[in-house]
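The next block holds one structure in the form of structure tokens; read it before the comments.
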Amino acid sequence: NEKPTALIMIFGATGDLAKRKLFPSLYRLYKKGRLSERFAVVGIARRPLSNEEFQASVKASVESAIKDNGELEDFISHFYYHSHDVTDSGSYLALKSVAEKLDAHYSLEGNRIFYLAMAPEFFGTIAEHLKADGLTDVDGFKRLVIEKPFGHDLESAKQLNKQIRKAFSENEIYRIDHYLGKDMVQNIEVIRFANAIFEPLWNNRYISNIQVTSSEVLGVEERGRYYEKSGALRDMVQNHMLQMVALLAMEPPIRLTTDEIRSEKVKVLRAMRPLEGDQVKEYFVRGQYGKGQLNGQEVPAYNEEPMVDEQSNTETFVAGKLMIDNFRWAGVPIYIRTGKRMAAKSTKIVIQFKDIPMNLYYQTEQTLNPNLLVIHIQPEEGITLYLNAQKSGQNMEATPVKLNFANKGIDDMNTPEAYERLLYDCMRGDATNFTHWDEVALSWSFVDKISDVWENTKEAGFPNYESGSMGPKEADQMLEKDGFFWWPVT
Ligand code: BG6
């Protein structure tokens with residue numbers, strides 16, 4: 001059990017992410033004994049606050065997230081506040097002297113983590129100042145943790161990367177994709193590479209298609225301003241969905257090291273068939289939610305939400321068919337789908353195996369079911385394997401059986417747990433579950449082709465799916481054309 005030592009500087013410490021995720025996660029690490037007493041946090045934001053006021057807000061955010069909260073006073077005593085202007089050198093110099101004092105007081109060995117939990121337009125400016133004003137000039141390690149969105153397209157991502165690379169080298173940059181912190185996303189590799197029964201079948205000879213669904217019940221909420229410019233493609237597909245696909249499709253790494261794993265993921269993204277012009281329509285479907293009933297309540301359409309244009313052309317749903325043109329996957333469609341205001345909150349991966357060569361058995365109502373391996377990412381966590389077995393007493397009839405493995409599956413805990421894991425990894429210097437620049441660049445270049453087409457053609461049929469449904473019918477038709485259907489995930 002390593003107990004890393006560091007000064008954690010959180011830019012955007014009065015924001016939502018810090019309150020909802022970072023403070024509770026740090027607290028949990030503290031309670032589990034994963035942080036030594038030698039750590040301190042400086043909360044950084046524009047508004048003036050005293051250390052005491054800041055500590056009170058940290059306390060409140062932990063209390064609202066976690067019931068069992070002993071040692072909270074000790075924990076918050078490690079928190080300090082600095083009121084900051086991100087464009088002013090004077091402000092950075094003052095911060096530097098706070099950092100030096102804390103470094104000496106807690107014996108932090110000059111280790112610093114800069115966590116950017118704020119509006120992305122300032123990421124580059126902050127990184128440049130950190131270097132110019134001497135905050136990155138340390139004896140220990142310096143690491144930059146950066147939240148998505150990492151750019152808006154390939155061009156802006158390159159710009160941003162150039163700016164942050166002036167102050168940090170690639171291996172000091174920890175780009176967060178919180179899906180990579182989820183237990184069952186990390187488990188994809190273990191399921192594949194630690195079981196003799198799956199890996200030999202994990203290819204185009206035995207798998208007919210793969211379906212990755214991440215559906216949400218929530219709408220856009222208060223994030224209309226951001227979401228109007230982003231849409232589901234940039235918000236979910238460019239990062240979370242493509243990361244899951246890379247983990248599902250990558251070759252076994254020669255070793256479980258950061259570099260080896262990342263380089264296998266990069267190869268998958270390189271093998272993804274790029275789409276041009278008309279192909280976008282053939283391979284991708286977009287949707288926008290209309291009003292509807294959810295949990296017995298009438299909810300508004302996307303274009304009636306705050307900060308959203310009535311005529312909005314922004315997609316809140318995406319379904320797509322990806323082809324990985326390499327030896328292992330040639331010919332196997334990987335379908336992805338994600339959206340807001342759908343019937344259930346659920347992230348699941350279904351691996352559908354090919355039919356057996358000849359069917360000797362029958363089931364009462366239909367032909368034999370194919371074998372399926374389902375990886376439940378959230379809210380339940382676990383795996384299910386669907387097999388066929390003899391129905392008792394009837395020797396010609398087969399019946400589907402389920403082999404189920406459930407992880408602990410604590411509802412709603414998934415996201416904070418992911419942050420807890422990722423923060424700890426960053427403090428220990430393990431970047432495996434963060435995205436490398438090459439992955440970011442490749443996924444943007446894939447996604448840019450799609451957004452180019454979508455932004456330049458207004459979708460006349462919006463809104464085209466009802467809140468509380470599983471998306472527009474075109475998403476179902478996309479699979480039907482190939483002779484498949486979406487396996488139910490709810
Ligand atoms: C975020 C997106 O990255 O992921 C949100 O910006 C989305 O729009 C969220 O709701 C989903 O994460 P989770 O962990 O709830 O599946």
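List the relative contact order of the chain as a percent without decimals, with contacts defined as Cα pairs under 8 Å and 6+ residues apart.
Averaging sequence separation for qualifying contacts and normalising by length gives 17 percent for the chain.
For the range 133-222, state which GluC sites (Glu not before Pro) are in a DSSP loop and have at most 16 other beta carbons lying within 10 Å of their beta carbon.
Sites meeting the loop and neighbour criteria: Glu221, Glu222.
Hey, what do the phi angles of the range 97-107 turn into as Karplus ³J(HN,Hα) couplings, whole Hz, using 6.51/-1.76/1.60 and θ = phi - 60°, x for Gly and Pro?
Taking θ as phi minus 60°, the curve returns 6, 4, 4, 5, 5, 5, 4, 5, 4, 9, 6 Hz for the range 97-107.
Compute the distance from the alpha-carbon center of the range 41-110 to that of the range 177-251, in whole Å.
35 Å
State which stretch of the chain is the longest one without any exposed chymotrypsin sites (Phe, Trp or Tyr not before Pro), exposure meaning a DSSP loop state and at most 13 other Cβ atoms within 10 Å.
Within the chain, the longest run free of exposed chymotrypsin sites (Phe, Trp or Tyr not before Pro) spans 1-326.
Label point 7 Å out from Asp482 along Cα-to-Cβ: which residues of the range 322-345 have amide N under 18 Å?
Hits in the range 322-345 for Asp482 at 18 Å: 322-339.
How high is the relative contact order of the range 17-125, given as a whole-number percent (alpha carbon pairs under 8 Å, six or more residues apart)?
33 percent
To the nearest 20 debye, what charge dipole does the range 135-203 have about its Cα centre, counting +1 at the Cβ of each Lys and Arg and -1 at the Cβ of each Asp and Glu?
Rounded to the nearest 20 debye, it is 180 debye.
Can you figure out the FRET efficiency of Thr125 with Leu387, using R₀ = 56 Å and their beta-carbon distance, to the nearest 0.05?
That pair, Thr125 with Leu387, gives E of 0.50.
Suppose R0 equals 41 Å. What FRET efficiency, 1/(1 + (r/R0)^6) with r the Cβ-Cβ distance, do Thr257 and Leu360 give to the nearest 0.05?
According to the calculation, E is roughly 0.30.
Counting Lys +1, Arg +1, Asp -1, Glu -1, what net charge surrounds Leu7 among other residues with beta carbon under 9 Å of its beta carbon?
0
How about the range 1-62: which trypsin sites (Lys or Arg not before Pro) there are in a DSSP loop, with at most 11 other Cβ atoms within 10 Å of their Cβ?
When the trypsin sites (Lys or Arg not before Pro) of the range 1-62 are filtered for loop state and at most 11 Cβ neighbours within 10 Å, Lys32 remain.
For each pair in Lys321/Lys449; Lys348/Lys402; Lys67/Lys182; Lys101/Lys158, compute the distance between the two Cα atoms and list the pairs where it is over 24 Å.
From the list (Lys321/Lys449; Lys348/Lys402; Lys67/Lys182; Lys101/Lys158), the Cα-Cα distance tops 24 Å for Lys101/Lys158.
Provide, in order from the shortest bin, the percent of all Cα-Cα pairs of the range 40-129 in each 5 Å bin, continuing until the bin that contains the maximum pair distance.
Going from the shortest bin to the longest, the percentages are 3, 12, 21, 22, 20, 14, 6, 2, 0.
How about the range 247-319: which GluC sites (Glu not before Pro) there lie in a loop by DSSP and see at most 11 other Cβ atoms within 10 Å?
When the GluC sites (Glu not before Pro) of the range 247-319 are filtered for loop state and at most 11 Cβ neighbours within 10 Å, Glu276, Glu310 remain.
Just to confirm a number: summing +1 for Lys and Arg and -1 for Asp and Glu over residues other than Trp202 whose beta-carbon lies under 9 angstrom from that of Trp202, what do you get?
+1
Let's test the formula: R0 of 35 Å, r as the Cβ-Cβ distance of Ser169 and Lys281. What FRET efficiency results, to the nearest 0.05?
Using R0 = 35 Å, I get an efficiency of 0.25.
Which distance in nm do the two modelled labels at Asn203 and Asn407 give, with both placed 7 Å along the Cα-to-Cβ direction?
For Asn203 paired with Asn407, the spin-label model returns 2.8 nm.
Taking amide H atoms as placed 1.01 Å from N in the peptide plane, list the residues 5 or more away in sequence, or in a different chain, whose amide H sits under 5 Å from that of Lys291.
Residues meeting the amide H criterion: Ala301, Ser467.
Using a/c under 1.5 as the rounded threshold, could you call the chain rounded, prolate or oblate? The axes a ≥ b ≥ c are square roots of the C-alpha gyration tensor eigenvalues, and prolate needs a/b larger than b/c, oblate otherwise.
Prolate is the answer for the chain, as a/c is 1.5 or above and a/b outweighs b/c.
Averaging the inverse of every distinct alpha carbon separation and then flipping it gives the Kirkwood radius. What is it for the range 218-320, in angstrom units?
The Cα-based Kirkwood calculation yields 16.1 Å.
Mean projection of the alpha-carbon convex hull of the range 1-68 over all orientations, in nm²?
4.7 nm²
Give the relative contact order (percent, whole number) for the range 216-374; include only Cα pairs under 8 Å separated by 6+ residues.
Averaging sequence separation for qualifying contacts and normalising by length gives 28 percent for the range 216-374.
Between Ala56 and Tyr226, what is the label-to-label distance in nm when each label sits 7 Å out along the Cα-to-Cβ direction?
According to this spin-label approximation, the distance is 2.7 nm.
Applying the Karplus parametrisation 6.51 cos²θ - 1.76 cosθ + 1.60 with θ = phi - 60° to the phi angles of the range 341-358, what ³J(HN,Hα) value in whole Hz is obtained for each residue in order, glycine and proline being reported as x?
Ordered by residue, 3J(HN,Hα) equals 6, 9, 5, 8, 8, 7, 10, 9, 10, 10, 9, 9, 7, 5, 5, 5, x, 8 Hz.
Give me the aspartates and glutamates in straight-line cross-link reach of Lys291: C-alpha distance below 19 Å, same-chain residues under 8 apart excluded.
Once the sequence-local aspartates and glutamates are set aside, what remains near Lys291 is Glu216, Glu221, Glu222, Glu228, Glu304, Glu305, Asp309, Glu310, Glu315, Glu459, Glu466, Glu474.
Kirkwood Rh over alpha-carbon pairs of the range 136-197, then Stokes-Einstein at 10 °C and 1.306 mPa s: what D in µm² s⁻¹, rounded to an integer?
112 µm²/s
Could you give the dipole magnitude of the chain about its Cα centre, charging the beta-carbon of Lys and Arg +1 and that of Asp and Glu -1, in debye to the nearest 20?
With Lys and Arg at +1 and Asp and Glu at -1, about 780 debye.
Over all Cα pairs of the range 413-490, how is the pair count split among 5 Å bins, expressed in % and running from 0 up to the last occupied bin?
3, 10, 10, 11, 14, 16, 16, 11, 6, 2, 0
Contour minus end-to-end for Ala132 and Glu298, with contour as 0.36 nm per residue of separation and end-to-end as the Cα-Cα distance?
54.5 nm
Once you have a ≥ b ≥ c as the square roots of the Cα gyration tensor eigenvalues for the range 19-177, tell me rounded if a/c is under 1.5, and otherwise prolate or oblate according to whether a/b is larger than b/c.
Note, shape of the range 19-177 comes out prolate.
Sum up the charges of everything whose Cβ sits under 12 Å from the Cβ of His105, counting Lys and Arg as +1 and Asp and Glu as -1, but leave His105 out.
In short, -1.
For a quick check: with amide H placed at 1.01 Å from N, whose amide H comes under 5 Å from Leu368's, ignoring anything fewer than 5 positions away on the same chain?
Gln363
Report the per residue volume, in Å³, of the convex hull enclosing the C-alpha atoms of the range 142-270.
So the per-residue hull volume is 151 Å³.
Computed from the coordinates by the stated procedures, all read-outs in this text should not be read as laboratory data. As the structure is a computational prediction, the values presented were derived from the model and not from experiment. FYI the Cβ positions are ideal-geometry reconstructions off the backbone, even for glycines, and counts take in every protein chain you see.
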